[in-house]
Amino acid sequence: MRTLITLFIILIGNSISAQKNFEGKINYKMNSNSQDTSTSITAYFGKQKIKAVFKQRDSIKNKKDDLLIDFENGVVNYINAEKNTYRTIKLQDMEMDRMPALKPFPEKNKQLLGYNCTAYITTDTSKNEYISFTPFYFWYADSLFFKVKNEYSNIDMVPIFTNGNTVGMGMQMNLGNGRGEVYIELTPVSILKETIPDSVFSLARLQFERKYIESSSTLADSTQILVDSISRLIQQAADSVVKMIEKQAKIGKKSPSRKTASKNTHKQPTKPSATKPKE
């Protein structure tokens, strides 16, 4: 009996150990089948904190702020690395940026960086004023855990990194435009399990810019906050892709009309009319 109890304790201990939250670093790359977004994200996973550092090409003027999501205190910090400043928003005040519930989509399950990943999908984005009925696909590693409160699991950028249970391993947004499908995807390119120093998540050396935005109405009026959302970053890229395709389509439609116009406006040679000789 004592042996059985000891074995039971060992098994329980192993199970708890196996589900310990992932600590380490994941590098992601943003890609599109129509343009080079030249954006990469390095995500640091710590103790109930995730820091996302964005790297964009130098020609981009309004660069995206880095993110420090603090699940323990229920806030997200937006860090301007160039100005060494940050501002803080309560996660509970970001209801307008809440994603719909994700549903398993086993047809797209795949292996990423050696990890078996379960696919999820959402097509109900009608609450999003920028995108309507656009399918989002997310992948999460079955054996990499990062548990957070359920109330935070689908707020804005959080699903990129965790679904509240397991670690995010990329996403894809598909745009059906009638002339072929355009996709924008975020894929992991490397992963490293390691203990991240507390200094990575520290705000001590940064200047405090603004504290909490107290209501969702104020949040809605803040253009900067919208820019600082990962979904907005993706939407900006999507908009440029769609505009480019529509522009090409217009050029294609105009080409035949130009040829027709040139034929219609060209004067055809006329035969000289016969004249009677003078008497």
Worksheet item: Taking neighbour Cβ counts within 10 Å as the exposure measure, how do E72, E107, E185 sort from fewest upward?
Response: E107, E72, E185
Discussion item. My understanding is that a pair violates if its Cα-Cα distance is over 22 Å; which of K29/K147; K25/K47; K49/K147; K25/K55; K103/K147; K90/K193 do that in this structure?
Written reply: K29/K147; K90/K193
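Report the gain in length on full extension from R205 to L113: 0.36 nm times residue separation, minus Cα-Cα distance, nm rounded to one decimal.
Details: separation 92, 0.36 × 92 = 33.12 nm, distance 3.46 nm.
Extending this stretch completely gives an extra 29.7 nm.
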Item to complete: Sort F22, F71 so that the residue with the fewest other Cβ atoms within 10 Å of its own Cβ comes first and the one with the most comes last.
Response: F22, F71
Fill in: Per-residue Cβ neighbour rank within 10 angstrom, fewest leading, R57, R205
R205, R57
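Readers should treat all values here as calculations from the given coordinates under stated rules, not as data from a laboratory. For clarity, every value in this text was computed on a predicted model and none was experimentally measured. Please note: Cβ atoms are built from the backbone with ideal geometry, for glycine as well, and neighbour counts cover all protein chains shown.
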